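Reviewing the structure listed below.
The values are calculated or read from the model by the stated rules, or taken from the named source; none is laboratory data. Note that the structure is predicted; figures quoted are calculated from it, not measured. Here the Cβ is made from the backbone with ideal geometry for all residues, glycine too, and neighbour counts use every protein chain on show. Just so you know, the surface numbers come from the protein's heavy atoms only, side chains and all, with ligands and any DNA or RNA stripped out. Shrake-Rupley method; radii C 1.70, N 1.55, O 1.52, S 1.80 Å.
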Amino acid sequence: MSNHKCEECYIGRCKPVALTYMRKVGPHLVILPDAPACRCDMCGSSRFDTGFLLTMQVLLEKMTNDTVPGEPKKQPVPERPQEWNPVRRGG
């Protein structure tokens, strides 16, 4: 990550820092200290590194995947549409 112009204030420069990454995955909380990020020296806005976020997304998807490696992935079964049966009243 290089020093680039801040996307929030457009004045400051973003400098590399290490931040704590936290994400809830199901009932669990994933916490990673020292994740690569950048912080603006003027407004303090911070953003995680895009490559880091993409890697985390792939890893967390693999962890939460409930299929066994080599088995085909289970496809969701669509619900049957309910039929409309009007009720006739009176004559």
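Charge tally for HIS4 (other residues, Cβ to Cβ under 11 Å; Lys, Arg +1; Asp, Glu -1): +3. With the whole protein complex present, ILE31 retains an accessible surface near 90 Å², based on a 1.4 Å probe. Ranked by solvent-accessible area (1.4 Å probe, protein heavy atoms only, all chains present), the residues ASP34, ASP49, ASP41 order from largest to smallest as ASP34, ASP41, ASP49. Taken over the alpha carbons of region 1-49 as equal point scatterers, the Debye sum produces base-10 log I(q)/I(0) values at 0.19, 0.26 Å⁻¹ of -0.60, -0.85.
Considering only protein heavy atoms, what is the solvent-accessible area of LYS5 at a probe of 1.4 Å, reported in Å² to the nearest 10? Rounded to the nearest 10, the figure is 120 Å². Within the shell defined by Cβ-Cβ distances under 10 Å, the residues around CYS40 carry a net charge of +2, with Lys and Arg each +1 and Asp and Glu each -1.
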